[in-house]
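Structure first, commentary second.
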Amino acid sequence: MPELPEVETIRRGVEPYVIGRRIEAVVVRDARLRWPVPKTLPAYATGKQIHGVTRRGKYLIFDLGGDRLIVHLGMSGRLNVLEHDAAPRKHDHVDLRLSGGIVLRFHDPRRFGAVLPWPAGHADHVLLRGMGPEPFSDAFSGDYLYKRSRRRSAPVKTFIMDGRIVVGVGNIYASEALFRAGIRPGRAAGRVSRAAYAALAAAIRDVLSIAIEHGGTTLRDFAGARGEAGYFQQELMVYGRDGEPCRRCGTAIRRLVIGQRSSFYCPHCQP
DNA sequence: CTTTACGCCTGACGGC
DNA sequence: TGCCGTCAGGCGTAAA
């Protein structure tokens, strides 16, 4: 499933193929996504031009010139650019047929994703309301994390994965960033020092930007916008490495469940 | 307010 | 070969 680097990789991959093109038709084969694709979506989108593709957290936003289209990939979603129309395969739920013969195809086996209209005039979409700052924005800093975390008992890993605190940090990069910052994932967020949060904010930005440079992480469901793989997996320090030696000190990496999610850490490097 | 558990789904994998 | 349990990248919701 895509985290921020995967979504950003997809955004960068898709945008040049769709920008300036007109949506000629919308084909909904299965509307049963996280929220049902509205029956009004084809009429809403057809005839409009795609002016650009932006990202907020893990949401992709297609700018239709005032009106917008929100796409979320959930755990297993993909967005493929087809230069020629091709027969749909299993789980190819939604197509945007664009001018010039390009087809943008939403594929999502688990159907945790979403394709939703966001009409002009609705200033803040309900799904985007209350979201925390982007990790690369000025609003996101060690001091910010420190202030937001006071008197919180929840684990620091859960804290940084909370989209109301900061967007885009998913399960892989939460473990990776905590390793880089030398912080145990199960530590209470309110008991992490200001200095450690400074290191953590930097680590989050570093790990996300390096992952974007590598085109994301390849795991079982992720492929880039046109099907190519990402190369961050070989850079992973702890995620999925339970029992394997720490790349820094050789100690066996441990796995534990925090907030119902697998978490990985080095007991020596993350005291 | 914060914290925690639970669904929503399909598919891959390992053990028997 | 099949069956069954576990796990998977997200996140809104309800309950405590």
Legend entry - Every residue from the range A:127-148 that is within 11 Å of DNA strand C (Cβ to nearest atom) and of a type in the set (A, V, I, L, M, F, W, C): A:127, A:128, A:131
Inset, instruction - For the range A:135-161, enumerate the residues that are surrounded by fewer than 17 Cβ atoms within 10 Å (Cβ to Cβ), within 12 Å of DNA strand B (Cβ to nearest atom) and not basic (Lys, Arg). - result: A:153, A:154
Legend entry - Unmet criterion (only one of (1) part of a strand (DSSP E or B); (2) over 30 Å from residue A:177 (Cβ atoms); (3) charged (D, E, K, R)) for residue A:90: (1)
Legend entry - Considering residues of the range A:87-122 that are exposed (fewer than 15 other Cβ atoms within 10 Å of the Cβ), under 18 Å from residue A:51 (Cα atoms) and free of Cβ contacts under 8 Å to residues at least 60 places away in the same chain only, the residue nearest to DNA strand B (Cβ to nearest atom): A:121
Inset, instruction - From A:164, A:184, A:151, grab the single residue that is more than 16 Å from DNA strand C (Cβ to nearest atom), assigned by TED's automatic domain parsing to the domain that holds residue A:257 and not acidic (Asp, Glu). - result: A:184
Legend entry - Filtered residues of the range A:8-30 (kept if aliphatic (A, V, I, L, M) and in contact (Cβ under 8 Å) with a residue 40 or more places away in the chain): A:10, A:14, A:18, A:23, A:25, A:26, A:27, A:28
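Going by what's in this entry, would residue A:124 be described as within 16 Å of DNA strand C (Cβ to nearest atom), more than 19 Å from residue A:4 (Cα to Cα) and assigned by TED's automatic domain parsing to the domain that holds residue A:38? Give the derivation first.
On the way: within 16 Å of DNA strand C (Cβ to nearest atom): yes; more than 19 Å from residue A:4 (Cα to Cα): yes; assigned by TED's automatic domain parsing to the domain that holds residue A:38: yes.
Considered against the rule, which asks whether it is within 16 Å of DNA strand C (Cβ to nearest atom), more than 19 Å from residue A:4 (Cα to Cα) and assigned by TED's automatic domain parsing to the domain that holds residue A:38, residue A:124 comes out as yes.
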Legend entry - Residues (buried (at least 16 other Cβ atoms within 10 Å of the Cβ), within 16 Å of DNA strand C (Cβ to nearest atom) and under 18 Å from residue A:117 (Cβ atoms)) located in the range A:38-67: A:55, A:56, A:59, A:60, A:61
Legend entry - residue A:7 vs. criteria away from DNA strand C (no atom under 13 Å from the Cβ) and β-branched (Val, Ile, Thr): no
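Every residue, every condition in (1) over 26 Å from residue A:13 (Cα atoms); (2) charged (D, E, K, R), yes or no:
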position: A:116; (1), (2): no, no
position: A:122; (1), (2): yes, no
position: A:125; (1), (2): no, no
position: A:139; (1), (2): yes, no
position: A:147; (1), (2): yes, yes
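The values are calculated or read from the model by the stated rules, or taken from the named source; none is laboratory data. These numbers were taken from a predicted model, which means no experiment stands behind them. Glycine also receives a Cβ, built like all others from the backbone with ideal geometry; neighbour counts cover every protein chain displayed.
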